[in-house]
Structure formats: structure tokens, C-alpha cells
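Here is the structure we will look at.
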There are 2 protein chains.
Amino acid sequence: MSLPRIAIDAMGGDEGVRVMIEGAALARRRHDRFKFLLVGDEVRIKAALENHPNLRAASEILHCDDVVSGDEKPTQALRRAKTTSMGLAINAVKTGAAGAAVSAGNTGALMAMAKLALRTMPGIDRPALSALMPTLGENDVVMLDLGANTDCDARNLVQFSIMGAAYSRIITGRDHPRVRLLNIGSEETKGTEALREAAAQLNAHSELSLKFDGFIEADKINRGDVDVVVTDGFSGNIALKAIEGTARFVADLLRRSFASSLRSKVGFLISRPATELLKHHLDPNNHNGAVFLGLNGIVVKSHGSASALGVANAVAVTARLLEEKLTERIQAELEHFGAESIRRGGKAAG
Amino acid sequence: MSLPRIAIDAMGGDEGVRVMIEGAALARRRHDRFKFLLVGDEVRIKAALENHPNLRAASEILHCDDVVSGDEKPTQALRRAKTTSMGLAINAVKTGAAGAAVSAGNTGALMAMAKLALRTMPGIDRPALSALMPTLGENDVVMLDLGANTDCDARNLVQFSIMGAAYSRIITGRDHPRVRLLNIGSEETKGTEALREAAAQLNAHSELSLKFDGFIEADKINRGDVDVVVTDGFSGNIALKAIEGTARFVADLLRRSFASSLRSKVGFLISRPATELLKHHLDPNNHNGAVFLGLNGIVVKSHGSASALGVANAVAVTARLLEEKLTERIQAELEHFGAESIRRGGKAAG
């Protein structure tokens, strides 16, 4: 079976071409049936490919000179959709030249370009940025929205729940993933009106392929007893970054603690396998790859500061979602379970 | 100098009397000039005091039969302000029988009762829940609001900034504590209108005794380069709990990692001083004690699940704020630096 190609925005991210190509090469070693469309400066891409004949054999290069910068406003970047590596990678998904696009560039610009080029699915008002987070349980938890939409109404949150559950089915294999709405308390009376209304709608729509378990507080996200955590993009971004920052904070404290005495240093050396395991769990590179859900096509955001290993993980996430046909699954779920009734049930979106 | 008493709601919290009394006794050993008013069931308080003659000598008991339960609605609890241990502890602050109150009970009820009995200060529209969080720097960071106000406008956020800076002056000794607003990006265009408007007002009011440094993302809260992080109660609660949950998550992972092999166990034993240091940093009991700022009196919330050590820390925070006259300092700042101009500058509060 010939699988669709993955378009890589080779110019995005803090370190640009070298890390993106090295990451794609790492991913290609793990998923050797995949092919790539590498978008960006041809000379630099070719130079980076010198060390990766394996990737070179599976890739085509699409040259362009223009790059979206990290601090550019989305509206400004949008005008250069046809000339930038980010815009052309997304356009390849639109034309069918690629099945999915990966970029480590400006998140706002990526979102704006992807939305304009690929459009939202029928039944979805707004796409959401979604990522996997580690838990104490067997599976990662799907969390969305992580920053694409600052304000969300009840209808958005219900749509995010349906999309998140479709993603989680791929990850957990559960027919009815356990979904919760992020809130500041677990009682029904807590939180904003949008949250209470979304909870009421999710309780009412028992035909959905998900198990709605009510509200969840931010300290329970990674306990392993929830598969999908749904939230507006503002709170989701705050929660995601608070989690990342705390993991890094603890890792820094641990390093200081172990360096505090000779005895600690010896203990550290002996217990290195344990601390390596912890490091692996906490390294955001091992959870890299946030997906825009709700578009007619797959677009994955790699963290701007991700290492080659991080990029490889983002590409692996992309490959898996392509193989498992995430977009088609979400579409089927929306058609099958009366997306229109949810549309009508909610309020008008902005 | 005779210092004012601290009223302790002896009945609140998951474990009630025993932990509250043991915590107060621990605190009393560290702050031996303080006196206590213990509010609750006299028989049980007396029994718990048997083991703590030191505390008994410094305490008076105010008996009552009624207790606010953990899942009670604030409106319901409010009606029993005159008969419950929580209500009577707060009332003691109102009448001057105590200088401050500490409770580990229902947060919503505590907030509602404190607001009704003590009223907000002139120049403050809404009180905010504030706590100290550990950082990699020398001092803890003051964070507010942590859940008292789900929605906040620009004026609320500016008032929180002034109150947080007054708290931070006590903690850091800085004349102009570094204040930032929590947001999902550091660029000026990011976030809600309330955040952008609050930033504009803080930039304009250079006469305030604080240094406004713009926005901060949730992964930078504990880097040690900010003294006060200001946010609405919804986002603040999400951030606080995400931080607490991640710290616990990492501690659990660490435990598992160290238990994974004999070698790791040996390493753990040798490096125990290091891991104990880490545990100390991560234990929420060592950061217990959230203060309602903006009221005409000091009310401190101890975590419902805090240990005796945690309660002792909450009492110690209370003692310090009393000694350092936090309420008077906030009041002076509000009067001195034109609270009225800020009131007029903002929008009407809800």
C-alpha cells in the first residue's frame, strides 16, 4: 500500500533546517513506508540531506525562498501563504500532494494558514490544538484546546469533545473514551456558563461515542483515569505551560539536589537508570507534536525548541494519524451522531 | 508588645480538630508571642489540647456546635455565619477579639463569610485569594487570584497587582516588586481584552510601588525573575492546580523509578538527603496558607488536606502578615497612590 506523503516545513523552528531534516530522518527510520515533501531553501535542505541518504531517497524537495518568522503577526503571514515554506507545506495538503503537514514555526500563523487553506470540517466551527500528555496510567491523555481559541462557547467545547474522543480512540483503543471538561471544581455549579452548558449538552447526547464523566480539576489531568480533557484555548494553554514549567522546575531542583554533596553525587550515579527513566518521562521532546483537529487535513505543530528527537516524535504522531485516518474518523462521527443537533443546541459561535 | 490573637476554626479541614490543634501547637512553638482563640466543639478541643499544654496556656476556647461542611453551598453557609466555627472565627476578626482567622474549611463559604463580615477595603472591588509558590530564585512568588473570582476585569487585575505587590514587599523586601500578568503569550497583542487593558493601566500608573514587567506565560512562574503573578481566579486556579498536580506526578514517577530495581533502591538510600530536599520543596504543606487580600482583616485558608505541619505553616504565614501589618500597608498604598484614579480608569465591576 502506498501511503500519502508528509510535507515538512523545513525552515520553521528555533534551529531550522538541520533539526527538521535530522528529525525527519530519525522518523523515517522508524516508519520506512513513508515519503516526504521537504519544503524550503533547496541548497540548505540538500546540504542537510548529505548525512541522511535514507531520507533523501524517500523525499522530494519543494524550493522556496520565503520564511514566516517567529514573531510575525498571523494576518501578516497569511498574505505570504503562497510563497513561504509554511504556506506551501499546508498547500500541499490542500492539493493532495501530501497527506499531512508538519511545521515548527509560528503557531498563530500556522493556525491561520491551515484554517484558510483547509477549511474546517462540516459540523465544526473552529479547529482546536490538541496534544498528548503523559499520565500515571497506561495511556497518554488527549488535551484540547491548547491555545487556538482564547474564548470558547458551549458548542465549541462539545465539538472539541467529539474530536478529542476520536483522537483518543486511536491512542487507547477504547470505543468510548472517558471525556472531562477542565474546571476549577468538580461540582456541577462550578465554572463559567459555557462550561456548565457544555456539560449539560454532553450529558444529554448519550449517543456520542464517548463517556462524559463531568468536570476535572487541573491537578488530576495526569492521574490516568481520564482519556480526553477538554478546555478553552486560554485555560488549556495555561495548564499545558504550567505542567511543562513545573516538570522543568522539578528537574532543575533534582539536578541541584544531587549536586549538593559528594554523597548525593554518588547516589545519583548509582541510581542513574531511575533518573534517566524520569528524565525520559519529563522531556517534552518525548511528547512533541500538537495536532490541529477539525480541519479537512492533518497539520501538526512541532515545538519551536524541539530537538531532532522531538521533531521525529512529531512526525511519528503525524504518520500514525494518517495511517489511522483520523480526519475521516472525526468526519464519520460527526455525520453519524447528529452533529447538526449539537449545532442547533448550542449558541452562535464568534 | 502584646500582639493580637489568631482565631482558629478548629473544625474545618479533612481531619478536623486533631490536625488543626496540632498545627497550631507547632506554630506556637515557633511564634511564642502569639495567642489563640480556638473556635469549635469545646470537648473535642480540650481533648486535643491535652497533648499540647504550651498551646493550651496561650489559648481561649470559643464553643459552638455547628460546622460548615465541605460540600455546602456558600449561600447556604452564609445563613449560619453566627453559629458555625468558621463564621465565629471570622466574626472574632470583625469585633477585634482576634487579629486574623485561619480555616481549613470550604473555600467558597470562607470567602463569602469573610467578604460579608469584613467588607472589602476602600478602593478594592473584590478580594483575591493569594498564595506563595516556590521558585528557583531566592524568594517565593506571590500569585493571585487563585479562585475567588471566576471573571475579572482590568480594574480587578490592577487592584490585585497593588495588593500582590504589598504582600511581596513583606516577602522580598523589595520596594518595587516585579509584577507580571499571566497570559498565553508575552506579546502585547495576546490574551483577553481585560488583560491588555490592565497592562495598559499598569504601564500608565508609574507612581505605583511596583515594577510592571508585562505578561508572563505559565511555564515561567517559578523561574525566580518575577515577584508577583496576577491573573483572574479561573486561570489562577487552573495554573495552581496544574503545578500542584505535576509536582505530585513527578514525585510519584520518582518513587516508581527508584523502586524499579535493587540498584536504584541502593542509589536512592545513598542520595536520600538530596531526595529529601526535593520532597521538602515539592510538599504543598511547606507552602500552605492562602490569604484573602483586600478585606478589612486577615483571613487565611489552610488546605483541606494539609497535615499538622501544613497547618503550622498557614498559621506562621498569618502571624507574619499580622506582625508586618499587611492590611494597613495595602490601605496606605491605595490611599497614597491614587486608588481613585485607577477606579475611574477602569470599567465598572460586576
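Nothing in this text is a laboratory measurement; each read-out follows from the coordinates by a stated rule. Because the structure is a prediction, the values reported are computed rather than measured. Every residue, glycine as well, gets a Cβ built from its backbone with ideal geometry; the counts of neighbours run over all protein chains shown.
Of note:
- Label distances, nm, A:ASP175 versus same residue in remaining copies, Cβ-directed 7 Å point: 7.1
- Among beta bridges that DSSP assigns inside the protein assembly as shown, antiparallel share in %, nearest 5: 30
- Karplus-based coupling profile of the stretch B:124-140, in residue order and whole Hz: 10, 7, 9, x, 10, 8, 10, 9, 8, 10, x, 9, 7, x, 6, 10, 5, with θ = phi - 60° in 6.51 cos²θ - 1.76 cosθ + 1.60 and x standing for Gly or Pro.
- Reducing the stretch B:31-91 and the stretch A:11-60 to their Cα centroids gives an inter-centroid distance of 67 Å.
- Stretching A:ARG174 away from A:ASP225 to a fully extended chain increases their span by 17.1 nm, per 0.36 nm per residue minus the current alpha-carbon distance.
- FRET efficiency estimate (nearest 0.05) - Cβ-Cβ, B:THR83 to A:ASP252, R0 41 angstrom: 0.25
- For the stretch B:20-116, GluC sites (Glu not before Pro) meeting the loop criterion (DSSP other than H, G, I, E, B) and having at most 14 other Cβ atoms within 10 Å: B:GLU50.
- Less than 5 angstrom separates the built amide H of A:LEU38 from those of A:ILE8, A:GLU60, A:ILE61, A:LEU62, all sequence-distant by 5 or more or on a different chain.
- Residue of A:ALA319, A:ALA24, A:ALA332 that the Gaussian network model of chain A assigns the largest fluctuation, springs spanning Cα pairs under 10 Å: A:ALA332
- Alpha carbon centroid spacing (whole Å) that separates the stretch B:170-189 from the stretch A:124-182: 32
- Note, ³J(HN,Hα) from phi for the stretch B:86-101, Karplus 6.51, -1.76, 1.60, rounded to Hz, x at Gly and Pro: 5, x, 6, 5, 5, 4, 4, 6, 4, 7, x, 5, 9, x, 7, 10
- Between the amide H of A:PHE212 and those of A:VAL179, distances stay under 5 Å, these residues lying 5 or more places away or on another chain, with hydrogens modeled in the peptide plane.
- Model label zone, B:ASN139; criterion: amide N under 16 Å from point 7 Å along Cα-to-beta-carbon; scope the stretch B:227-245: B:227-230
- For the stretch A:1-118, the Cβ-based charge dipole about the Cα centre amounts to some 460 debye (Lys, Arg positive; Asp, Glu negative; other atoms uncharged).
- Using 0.36 nm per residue and subtracting the Cα-Cα separation, the extra length available between B:GLU193 and B:ASN54 on full extension is 44.7 nm.
- Shown for A:ILE8, A:ILE238, B:ILE184: other C-beta atoms within 10 Å of each C-beta, ranked fewest to most, produce the order B:ILE184, A:ILE238, A:ILE8.
- Springs between Cα atoms under 10 Å define the GNM used for chain A, and in it the highest mean-square fluctuation of A:VAL228, A:VAL17, A:VAL300 occurs at A:VAL17.
- Distances between copies of A:ARG30, taken at a point 7 Å out from Cα along the Cα→Cβ vector and listed shortest first: 4.6 nm.
- Loop sites here are trypsin sites (Lys or Arg not before Pro) outside DSSP states H, G, I, E and B with no more than 11 other Cβ atoms within 10 Å. The longest part of chain B free of them is B:83-350.
- Value at 222 nm in deg cm²/dmol, rounded to 500, when DSSP H runs of n ≥ 4 in chain B each add -39,500 (n - 2.57): -14500 deg cm²/dmol
- Over 30 Å between alpha carbons, listed pairs A:LYS190/B:LYS279; B:LYS190/B:LYS325; A:LYS301/B:LYS211; A:LYS190/B:LYS190: A:LYS190/B:LYS279; B:LYS190/B:LYS325; A:LYS301/B:LYS211
- Shape call, the protein assembly as shown: gyration tensor on alpha carbons, a/c limit 1.5: prolate
- Taken along the Cα-to-beta-carbon direction at a fixed 7 Å, the label points for B:LYS325 and B:ARG29 span 3.2 nm.
- Amide H contacts of A:LEU295 (H built 1.01 Å from N, in plane; Pro and chain starts excluded): A:MET121 sit under 5 Å, all sequence-distant by 5 or more or on other chains.
- Gaussian network model of chain A, springs between alpha carbon atoms under 10 Å - residue of A:LEU136, A:LEU321, A:LEU146 with greatest fluctuation: A:LEU136
- Residue-by-residue Karplus 3J(HN,Hα) for the stretch A:18-33, coefficients 6.51, -1.76, 1.60, Hz, glycine and proline x: 4, 5, 5, 5, 4, x, 4, 5, 4, 5, 4, 4, 7, 10, 7, 8
- Across identical copies of the chain, A:GLU187 has label-point separations of 4.1 nm, listed in ascending order, with the point defined 7 angstrom from Cα along Cα→Cβ.
- The stretch B:1-118, relative contact order [Cα under 8 Å, separation at least 6], %: 33
- Shape call, the stretch A:1-126: gyration tensor on alpha carbons, a/c limit 1.5: oblate
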